[in-house]
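Input: a single structure, listed below in structure tokens.
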Amino acid sequence: MNPMKRRFLLLPAVCALAADGASAAGIDYNRDVRPILSNQCFKCHGFDPGTRKAKLRLDLREEALKPAGSDEVPIVPGKPEASELMRRIESRDQEEVMPPGKDHEPLKPGEIAILKQWIAEGAEYQAHWAFVPPKPGSENSIDAIVQKALAKRHLKPSPKADEATLIRRVSLALTGLPNGFGRPDESQRTYEQVVDDLLASPHFGERLALDWLDVARYADTHGYYTDAERQAWPWRDWVIRAFNANMPFDRFTMEQLAGDLVPNATLDQRIATAFNRNHMVTNETGVIEEEYRLSYVSDRVETTAAAWLGITLGCAKCHDHKYDPLTQRDYFSLFAAFNNIDEKGIIKDLANPVIQLPTKAQEQQLAGLTKELKQRQEELAAKRPSL
């Protein structure tokens with residue numbers, strides 16, 4: 001099996017097992033603590049200086065470990081009983097208790113226990129998970145993660161299924177189709193041979209492309225008003241071909257976001273950038289054209305952030321993000337990068353910019369003419385006298 005395809009195929013399982021296995025290994029800031037602080041504390045004590053109160057920041061460790069507006073220290077690593085954060089959270093005084101009841105629900109006992117344990121273990125912070133690159137090495141292999149997760153729970157793997165069952169499962173997983181669909185008799189082939197066939201099948205790319213098409217908000221219609229038909233399927237087919245060709249992820253990213261800016265960009269690279277044009281468009285007379293045009297730009301910004309970072313950037317359109325390390329300047333810097341095409345808010349038959357693609361017959365005709373032209377040029381070059 002191609003190792004790159006194996007890694008992509010098993011990514012969802014790896015993520016699920018990694019998170020599941022970590023739950024028995026003590027407090028993890030990103031998994032256990034950040035959600036509590038984000039939901040309950042960061043609105044008033046987080047990234048946004050416009051809403052920050054008492055000069056207290058809890059999103060940065062160095063700020064949370066020093067006095068803020070008083071002599072009390074919000075967090076004392078290893079000593080939850082000496083931490084002002086825990087005193088205020090557990091206070092019965094309605095004037096002191098945090099978070100204040102008028103803004104938030106009180107913390108649940110389980111959440112309080114997590115914060116106590118986190119401080120007792122040293123109050124370690126982690127960078128936002130969306131900005132942490134994956135660690136290379138054997139410890140991240142699927143086998144190592146599964147074995148580690150099972151060992152923490154004192155569990156053993158289930159008995160291996162028979163080969164017919166494995167083939168049925170892997171066929172549905174890799175192609176979404178039952179085993180034997182359009183392929184040679186699999187009863188005479190080993191499991192490994194069947195997997196190789198499935199990975200080489202065009203249906204493999206179709207199966208993997210489904211999730212990406214959802215992330216990229218792909219559709220065959222415009223979405224607004226009469227919901228007219230759009231011809232965006234060449235981009236869909238490009239995605240399927242990219243998966244089947246095992247395209248490297250950095251190239252997969254670059255060509256979809258800026259394939260048209262590559263020097264001497266090919267037609268395929270320009271088609272790839274239709275990722276940026278999958279947003280809804282309107283042809284309704286009477287709408288404010290500039291309003292809709294700008295909404296298309298916003299869609300590109302927010303879809304790009306969701307697809308590649310796994311975070312919501314839309315909040316920073318109106319203000320610095322309350323929960324993630326993203327500013328309004330970040331939002332409009334990316335907005336400016338996408339706000340540079342010949343586009344209208346109201347589309348008619350075609351939405352500029354448009355690529356006119358040749359049909360298969362035209363491609364064949366063009367290839368024949370190109371070949372003939374090359375032959376004629378070679379003949380002329382051979383007859384030209386030497387100087």
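Annotations
- FRET efficiency, 1/(1 + (r/R0)^6) with R0 41 Å, evaluated for Val132 and Ile112 via beta carbons: 0.90
- Relative to the longest principal axis of the Cα atoms of the chain, helix 191-200 runs at roughly 70 degrees.
- For the pair Asp143 and Leu210, the difference between a 0.36 nm per residue extended length and the Cα-Cα distance amounts to 21.5 nm.
- Calculated accessible area for the chain comes out at 62 Å² per residue, all protein chains present (probe 1.4 Å; ligands, DNA, RNA ignored).
- Helix 249-258 axis, angle to the chain major axis (alpha carbon atoms, nearest 10°): 80
- In range of the label at Thr370: residues from the range 231-270 whose backbone nitrogen is under 14 Å from the point 7 Å along Cα→Cβ: 265-269
- At an R0 of 30 angstrom, the distance between the Cβ atoms of Asp71 and Thr51 translates into a FRET efficiency of 0.80.
- Within straight-line cross-link reach of Lys371, aspartates and glutamates at Cα separation under 13 Å, skipping those fewer than 8 residues along the same chain: Glu363, Glu379
- J(HN,Hα) series, the range 220-235, from Karplus relation 6.51 cos²θ - 1.76 cosθ + 1.60, nearest Hz, glycine and proline x: 9, 9, 7, x, 9, 6, 6, 6, 5, 5, 10, 9, 10, 4, x, 5
- Hz values of 3J(HN,Hα) by residue in the range 270-279 - Karplus curve (6.51, -1.76, 1.60), Gly and Pro given as x: 6, 4, 4, 6, 5, 3, 6, 10, 7, 5
- Cα gyration tensor shape for the range 270-387, rounded if a/c is under 1.5, else prolate or oblate: prolate
- Hydrodynamic radius of the range 34-156 per Kirkwood, over alpha carbon pairs, in Å: 16.5
- Per-residue SASA entry for Trp129, accessible area with 1.4 Å probe, Å² rounded to 10: 140
- Using alpha-carbon coordinates, inclination of helix 202-215 to the longest axis of the chain, degrees: 50
- Per the Debye calculation on the range 177-290 with a single equal scatterer at every Cα and no solvent contribution, log₁₀ I(q)/I(0) for q = 0.10, 0.14, 0.16 Å⁻¹ amounts to -0.43, -0.71, -0.84.
- Counting only heavy atoms of the protein chains and using a 1.4 Å probe, Thr282 has close to 0 Å² of accessible surface.
- With a Förster radius of 51 Å applied to the beta-carbon distance between Thr312 and Leu380, the computed FRET efficiency rounds to 0.25.
- Label point distance in nm, Val354-Ser91, each placed 7 Å from Cα along Cα→Cβ: 6.5
- Here the average projected area of the convex hull drawn through the C-alpha atoms of the chain stands at 31.7 nm².
- Leu150 versus Arg217: modelled label distance in nm, points set 7 Å from Cα along the beta carbon direction: 4.3
The values are calculated or read from the model by the stated rules, or taken from the named source; none is laboratory data. Quick caveat, the model's predicted, so the values are computed rather than measured. Ideal geometry is used to build each Cβ from the backbone, glycine not excepted, and the neighbour counts take in all protein chains shown. Calculation scope for accessible area: heavy atoms of the full protein, side chains included, ligands and nucleic acids excluded. Shrake-Rupley method; radii C 1.70, N 1.55, O 1.52, S 1.80 Å.
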